[in-house]
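Attaching a single structure in structure tokens format; questions to follow.
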Amino acid sequence: MSIDVETKKTVKSITKKYKYGFTTNVESDKAPKGLNEDIVKLISKKKDEPKWLLDWRLKAFRAWLKMDEPNWSMVKFPKIDYQDSYYYSAPKPKKKLKSLNEVDPAILSTYEKLGIPLEEQKRLAGVAVDYVFDSTSVATTFKDQLAKLGIIFCSFSEAVKKHPELIKKYLGTVIPYTDNYFATLNSAVFSDGSFVYIPPGVRCPMELSTYFRINAENTGQFERTLIIADKDSYVSYLEGCTAPMRDENQLHAACVELITLDNAEIKYSTVQNWYPGDEKGKGGVYNFVTKRGACRGNNSKISWTQVETGSAITWKYPSCILQGDNSVGEFYSVAITNNFQQADTGTKMIHLGKNTKSTIISKGISAGKGQNTYRGLVRMGPKATNGRNFTQCDSLLIGDRCGAHTVPYIEVKNQSAKVEHEATTSKISDEQMFYCRQRGLDQENAVSLIVNGFCKEVLKELPMEFAVEAQKLLGISLEGSVG
Amino acid sequence: MQKLIKDFDIPNKKIETWKFTDLKKIFEKNIFEPLSTSIKNESIKSNVDTNVEKNIFFDPNINFVIFENGFVKKINIQSKNLEIKPTKIASKKQIIDQKNFSRNDSLLEINETFLNDNLLIKIKKGTKLKEPISIFYYNSEKKNYLINNRINVIAEKDTEAVINEIFISNNKAIYWNNVHSYICLEQNSKLEHYKIQLEGDSSIHSSSSSVNCNSSSIYNNFIFSIGGSLSRIEVNSSINSSDINFNIKGLYLAKTNQHHDITTVMQHKHPESKSNQHIKGILQKNSSGVFQGKVIVSQDAQKTDAFQFNQNLLLSESAEANAKPELEIYADDVKCSHGATTGELDEQMLFYLRSRGLNKEEAQKVLIEGFINELFDEIKNSELKKKLLLTSKKNFFK
Amino acid sequence: MLKIENLHVNVEDKKILQGLNLKISPGETHAIMGPNGSGKSTLANVLSGKEGYDVKKGKITFLNNNLLNLEPEERAGEGLFLAFQYPVEIPGVSGMNFLRTTINSVRKYKKQKELDGVNFLKILRKKAEFIKMDENLIKRSVNTGFSGGEKKRSEILQMSLLEPKLAILDETDSGLDIDALKTVANGVNNLKNKERSFLIITHYQRLLNYIVPDKVHILSNGKIVKSGDKNLAIELEKKGYEGIK
């Protein structure tokens, strides 16, 4: 309470002094609830941001005020009171637990099934330990190696300070601050995130992962990622973690922007396993994410792979704008909804350049009372001569209380372009189940095996270690869905 | 108070189901006056226009109805146990239950408000009609009229019938034809329904068929859309029981500057029924085409078999094809799939034909005809098939 | 009949044929054998005029015409026929209509009178019967849903109807069982005469037991590396492509 009063005062003092520049040093860890221009200014001030970035945030905020929450998706949720949330809280260490005994047994059992080492389990669960395997030092080693190649991989705030010219040049060029309700909100209040720049001709020697990023903890609910692959470069980026994450924030509205120049390639893989809520549908994260990549250069490529097993509601459409001639866009997705989870996910492939190609493989699995929607757009612009798209959307239903939906939009404005779309819906057949069980698998293992087979085309796109964990995760997410 | 056309919100891109077809844009350039009843009295005195009698789909020896400029001009009944009559406009009571069909636009309200003639067609229990029923909608008005008709078809238990709806005009008038039909198929009835849309080149056509299906009924629909400057044809099904077979074959041939839209909604509400849709489009210069198809399988509709396929052929650089084939599935033991392809003529096929001695134009023609034939091959009535082929050649290939 | 001189062909900047020479005289049957990727199908496609093949160098003369200047349909009109390795399925186009259109297109090219329905049917029936092709199959859409054997049989039927001067058989034996192989070979042998030439492209010697070639050529890396009589094929079968080099 006292903090709130204090912060309110500080905010007031900032607003007064805004005209004269920022002078006050604010000491507080939480801004009052609610969202207004002052809060936006506070966030920017706390991060010591340059004026142009504050102005950009404010423009976004003003645009947001005029927007309505989208209502076109299949997902249903109670109205969010945006004035009832905190938009700024200083990075502070999580409350440390004394031992694993204090951790929710359900989470521990999942860790075990995923095969996560004990020390790592402690770290993930937030237990205070003296790291034998210190992730910070591992990350430092990586960082030196990357720096030698001229690769920039740091937090967004750090990049604003150290590489403002790159941020200024690329921020908001793929997802403009007016793009959509959640992206605009993110633009106004984003907390932190990742920044990656791969210089020309460099092939990033390792998979970059938020997992190893220093200061990555608690980036908050409004994350912002910007990745630029300069000419002839390559990077594979991993986002997320296969271990379940408890999070107090209900609404997550992240933004990810990718840019590839001539002959460059970005491979972006996500495994999302936020808290999905309980079996009765209580709680869980709303994951409203805007992800978009622009293949600006000729012969460039952006490939999205996602495995979405968590969150109460997932609303995301990792997309590709294929501007450069011969550029390639790919989208590989597995989305699982169990219990009361809802997912409305898919992609947009916007073909603008000549000989552009895109592939969409989407696998939706619905169990329990889960609702799973693929929503996608394939657009061949008038100049997309010889553009090609192939889309395949398959849905698997487990149980008779769930739903699987497919909403593709196909728009072709070029004669020589070719678009093919296929979708199927099926269930796990009794014969398949019987066959597996006759060979000694129990029901849950049989389902897991069959589901993994169903998702094979997508899982094989994931980097090795990630794929193994994702496979296990599929089984875990579907626990209790049969029998 | 008498409502005016400007009191209605004309369907436009803001409505999801009208995302690709903007009717409102036409209203920015044209004003359509609803046809009033005073014209009816004048027109009834004269004879049936020879343009109808000369039409290749016209046959004086079968059951037919002729609408001229919005009003019933002639009804000819040949078959026994068949009832065709206009019903009173005053009694707006629904003849067929409409609760299974909801709309989120104003087309039906407009139709209801300005309704010109409302027709009831009843095929009585146990009757298998030998002669088809042809309904002609002929328009020759010079002014920008809005025409609203409604057809109600009741196929009673154990009946069989063929209904042809043919939309023609003298080719000059700019009019808007807004025709909606409600069809009720009772137990074990079978209906073949042909919609042949040959409206005038500058006209607007909007029509819908809403079909209530009861157990063991069969509905075979064939849509042939070639006329109008803007055409929107809808089919809505409500599959209320088991063992129902619902088929839609659709073809639009979009000539220069035309816009064709075929939109379907398949509602599987009960187990063990089948639906099958195959919609094709061919697009010429500056034309655009739309297929929107939604298949909804409710939780109770286990063992549903629903298939949907859309193919578009682009013949020009400036043609545009849009498709939105949708599945909304709430039952697990179902077989549902859809496919959509859009592209130009297949190069492999063209080369194969040319290596057999056909020149490029001939080869293209053969392939376009083949593309159409795939649908026409399903028509059992060879006479009708011939006429449709002839009509497409005459209007489309030239 | 056919003369290929120093032919160089690229496909997407990759060199496939690199200086191929071949001469076929009227009435001769030649076989070209070679391992996968040696350029066999490229040769067939270049001869019949398929797009996507970049002729860098060389000359092809067919009956005193510069073949490379002709459109695919003109080549067909001149009497060149390609039996496809993978015959294309054309849904919606009835085989009957297709065959009649092709036969009359070629007749028109040769300035011959077009066949009417009755005469066409007469000829078709005779030829179909000979290669044991079911008439119902002809009524269906071209090649659509045909088995491998039926497709190849349909190619031979077209060949016998169009009566070409030079017929190229591209891997006609692939995917055929022994009975189908015999029928196809029988069809081909029956078309052999003093004027008509054949170019048989195959991976295996098997087909050449039934259609006996006058000359056998081995294609490797885009060039003919060895030529001989029918015994070369038998030798090849024993020693393999590695053994011949």
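Could you calculate the contour length gain from C:K56 to C:N119, that is, 0.36 nm times the residue separation minus the distance between their Cα atoms, to one decimal place in nm?
18.2 nm
For q = 0.14 Å⁻¹, what log10 I(q)/I(0) does the stretch A:237-371 give under the Debye formula with an equal point scatterer on each alpha carbon and no solvent?
Log10 I(q)/I(0), no solvent term: -0.62.
Scan the stretch C:149-200 for GluC sites (Glu not before Pro) in coil per DSSP, keeping those whose Cβ has at most 12 other Cβ atoms within 10 Å, and list them by number.
Here the sparse-neighbourhood loop sites are C:E195.
What is the Cα coordinate range of the stretch B:5-241 on the first, second and third principal axes, sorted by size from largest, in whole angstrom?
Result, largest extent first: 50, 42, 34 Å.
Then there is this: Relative contact order for chain B: what percent, with Cα pairs under 8 Å and sequence separation of 6 or more?
9
First obtain the Kirkwood hydrodynamic radius of the stretch B:258-398 from its Cα pairs, then insert it into the Stokes-Einstein equation at 4 °C and 1.567 mPa s, and state the resulting D in µm² per second as a whole number.
Roughly 76 µm²/s, to the nearest whole number.
Another one. Assuming R0 = 45 Å, can you tell me the calculated FRET efficiency for the pair B:D7 and A:K51, based on Cβ-Cβ distance, to the nearest 0.05?
Calculated transfer efficiency: 0.30.
Using a simple spin-label model with points 7 Å from Cα along the Cα→Cβ vector, what separation in nm is obtained for A:V468 and C:K194?
7.7
At 20 °C and 1.002 mPa s, grab the translational diffusion coefficient of the stretch C:2-244 from Stokes-Einstein with a Kirkwood Rh over Cα pairs, rounded to a whole number in µm² per second.
Reported coefficient: 116 µm²/s.
Given the peptides B:250-257, A:183-190, C:130-137, arrange them by the average over their residues of other C-beta atoms within 10 Å, most packed first.
A:183-190, B:250-257, C:130-137
May I pose another question? Rounded to the nearest 20 debye, what is the charge dipole size of the stretch C:2-244 about its Cα centre when +1 sits on each Lys and Arg Cβ and -1 on each Asp and Glu Cβ?
580
If you don't mind, there's one more thing I want to ask. So what are the radius of gyration and Dmax for the Cα set of the protein assembly as shown, in Å?
Just the Cα atoms of the protein assembly as shown yield Rg and Dmax of 34.6, 108 Å.
Provide Rg over Rh for chain B; use the alpha carbon set for both Rg and the Kirkwood Rh (inverse mean inverse pair distance).
When Rh is taken as the Kirkwood radius, the ratio is 0.95.
Separate question: Run the numbers for A:K162 and A:E37: contour at 0.36 nm per residue of separation, minus the present Cα-Cα distance, in nm.
42.4 nm
Share of Cα-Cα pairs in the stretch B:87-162 beyond 17 Å, in percent?
58
Also, I was wondering about something else. Taking the Cα-to-Cβ direction at C:D179 and at B:N144 and moving 7 Å from each Cα, how far apart do the two end points lie in nm?
7.1
Taking +1 at the Cβ of each Lys and Arg and -1 at the Cβ of each Asp and Glu, which of C:S94, C:S25, B:Y219 sits farthest along the dipole of the protein assembly as shown towards its positive end, judged by Cα position relative to the Cα centre?
Farthest towards the positive pole: C:S25.
Cα centroid distance between the stretch A:282-340 and the stretch B:294-352, in Å?
Value for the Cα centre distance between the two parts: 23 Å.
Label points 7 Å out from Cα along the Cβ direction at C:K3 and C:K126: separation in nm?
Simple spin-label model gives 3.6 nm for this pair.
Based on alpha-carbon centroids, what's the gap between the stretch B:132-179 and the stretch C:38-113 in Å, whole number please?
The stretch B:132-179 and the stretch C:38-113 have Cα centres spaced 49 Å from each other.
Multiply the residue separation of B:K385 and B:I26 by 0.36 nm, subtract the distance between their alpha-carbon atoms, and state the gained length in nm to one decimal.
125.9 nm
Here is a further query. Quick check for me: using +1 on Lys/Arg Cβ and -1 on Asp/Glu Cβ, what's the dipole size of the stretch B:5-241 about its Cα centre, in debye to the nearest 20?
280
I would also like to ask the following. Rg to Rh ratio, the stretch B:345-398, alpha-carbon atoms and Kirkwood radius?
1.05
How large is the dipole of the protein assembly as shown about the Cα centre if only Lys and Arg carry +1 and Asp and Glu carry -1, each at its Cβ, rounded to the nearest 20 debye?
Charge dipole of the protein assembly as shown: 2500 debye, to the nearest 20.
OK, next. Identify the residues of the stretch C:193-230 with backbone N under 20 Å of a label point that sits 7 angstrom from the Cα of C:N186 along the Cα-to-Cβ direction, or state none.
C:193, C:206-213
Still on this model: Suppose R0 equals 25 Å. What FRET efficiency, 1/(1 + (r/R0)^6) with r the Cβ-Cβ distance, do B:V48 and B:K124 give to the nearest 0.05?
For R0 = 25 Å, the calculated efficiency reads 0.40.
Students often check this: by mean Cβ neighbours within 10 Å, which of C:103-111, B:111-119, B:228-236 ranks highest, and how do the rest follow?
Per-residue mean Cβ counts within 10 Å order the peptides as B:228-236, B:111-119, C:103-111.
Residues of C:106-118, mean number of Cβ from any other protein chain within 10 Å of their own Cβ, rounded to a whole number?
Whole-number average of other-chain Cβ neighbours for C:106-118 is 1.
Would you mind giving the mean number of other chain beta-carbons within 10 Å of the Cβ of each residue in A:421-431, as a whole number?
Going residue by residue through A:421-431 and averaging, the value is 5.
To continue, here is another question. Report, as an integer, the average count of C-beta atoms from other chains found within 10 Å of each Cβ along A:398-404.
Average neighbour count from other chains, rounded to a whole number: 5.
Can you give the FRET efficiency to the nearest 0.05 for C:N97 and B:Q348, using r as the Cβ-Cβ distance and R₀ = 25 Å?
Efficiency computed from Cβ-Cβ geometry: 0.85.
With Kirkwood's inverse mean 1/r over C-alpha pairs for Rh, give me the Rg to Rh ratio of the stretch C:96-188, two decimals please.
0.96
Computed from the coordinates by the stated procedures, all read-outs in this text should not be read as laboratory data. Everything numeric in this text was worked out from a predicted model, so none of it was measured. Here the Cβ is made from the backbone with ideal geometry for all residues, glycine too, and neighbour counts use every protein chain on show.
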